[in-house]
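Peer 1: Please read through the structure below; I'll follow up with questions.
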Amino acid sequence: GHFQSAGNITAAAAVVALTGNSQFYTVSTTIAGDGAVDFSLGDHFVLTKGSPAAITLADPVAGDNGREITIRSGSAFAHVITLASGIGGVATTDDVITFTNRASASITLKVINAKWWVTGSYLAAIA
């Protein structure tokens with residue numbers, strides 16, 4: 001988790017807590033070109049490249065179990081995300097996520113047993 005509680009709230013670098021409000025807002029990390037998702041930077045990533053982006057996502061490790069990240073399109077292009085070992089660790093299939101060319105496309109992945117698993121998607125094809 002990102003928070004400790006014992007009267008005080010400690011936020012990780014990518015999370016902002018609003019005083020007097022019980023909701024927490026995740027700060028998005030923008031990826032403006034081709035490259036790798038650095039999930040040490042946070043849990044929400046927005047792809048903004050002005051053409052289809054080629055994105056990679058490394059395998060999580062056991063210490064990441066339970067963590068969930070969302071990658072969404074902030075530009076209307078068919079961005080492609082390639083997972084190192086695929087969904088559920090199936091390296092040769094289910095390792096490429098392609099967004100429909102809409103700025104609202106997204107995928108949410110959760111780490112279970114040190115593997116990425118899909119918990120939600122919108123306008124995203126997995127092959």
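Peer 1: Quick one: which residues, 5 or more positions from G42 or on another chain, have an amide H under 5 Å from its amide H? H modelled 1.01 Å from N in the peptide plane, none for Pro or chain starts.
Peer 2: Correct list: empty.
Peer 1: Once phi is turned into θ = phi - 60°, what whole-Hz ³J(HN,Hα) does the Karplus curve with 6.51, -1.76 and 1.60 give for every residue of the stretch 79-87, x standing for Gly and Pro?
Peer 2: My calculation for the stretch 79-87 gives 5, 10, 10, 10, 8, 3, 10, x, 5 Hz in order.
Rule-based calculations on the coordinates, nothing more; no lab input. All values derive from a computational prediction rather than experimental measurement.
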